[in-house]
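Have a look at the structure below, then the notes.
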Amino acid sequence: MPQLAEKDQHQEQDRKQAMKELVDALNEDLAREYQAIIAYTVYSNVLKGAQWMNIADELKKHAAEELQHALIIADQIDYLGGMPTATPKPVKVSEKPEEMIRFDLDNETETIRNYRRRVKQAEAIGHYALAEQLRTIISQEQEHQHDLATALGIDVPDVFCEGA
Ligand SMILES: [Fe+2]
Ligand SMILES: [Fe+2]
């Protein structure tokens, strides 16, 4: 039945397209993880003064966790047949401690927003193992976001606006 074969072909094309979009998006996530590793490494050493000592130590731990995330995402990109990127998203620098922590907080919020989308994309193509790994990463990013918001003395930004 040629009609059925044609339908199968369309489905296969759609799946391939969804897979390509997922790999491209994961590479954006990986570039964001590199950005976080660099930002936390630099900021944790630049933050000076007694009031920032605790958060500076916290940022060093974040840096190590972001590296773990990068390794997981790169591994998944490879597994899906893609090539992991070698380029980080640009890192903003500032002389002011509050501004540096604010950059980190904004990046964490953006990261969480993206990973929530990625969970949906992974599940849409039946890649449940990846979705589970992403959920574990999201819970760590939420802790990062919480640490940064606490250091700034503000509420944790809302990322549920897209119904994720
Ligand atoms: Fe991360
Ligand atoms: Fe993070």
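I'd like the FRET efficiency for Glu28 and Ala5, computed as 1/(1 + (r/R0)^6) with the beta carbon distance as r and R0 of 35 Å, rounded to 0.05.
The formula returns an efficiency of 0.50 here.
Based on the Cβ-Cβ distance of Ile38 and Thr136, what FRET efficiency does E = 1/(1 + (r/R0)^6) give at R0 = 30 Å, to the nearest 0.05?
0.85
What helices in the chain pass both tests, a Cα length along the helix axis of 20 Å or more and a mean Kyte hydropathy of -1.0 or higher, using whole DSSP H runs?
For the chain, where a helix must reach 20 Å along its axis and average at least -1.0, the hits are 2-46, 53-79, 128-152.
With springs only between Cα atoms under 10 Å, which of Ile154, Ile77, Ile101 fluctuates most in a Gaussian network model of the chain?
Ranking Ile154, Ile77, Ile101 by mean-square fluctuation puts Ile154 first.
Each reported figure results from applying straightforward, stated rules to the coordinates on display, with no laboratory input. All of these numbers come straight from a predicted model, not from anything done at the bench. Quick reminder, even Gly has a Cβ in these numbers, built from the backbone with ideal geometry, and neighbours come from all protein chains shown.
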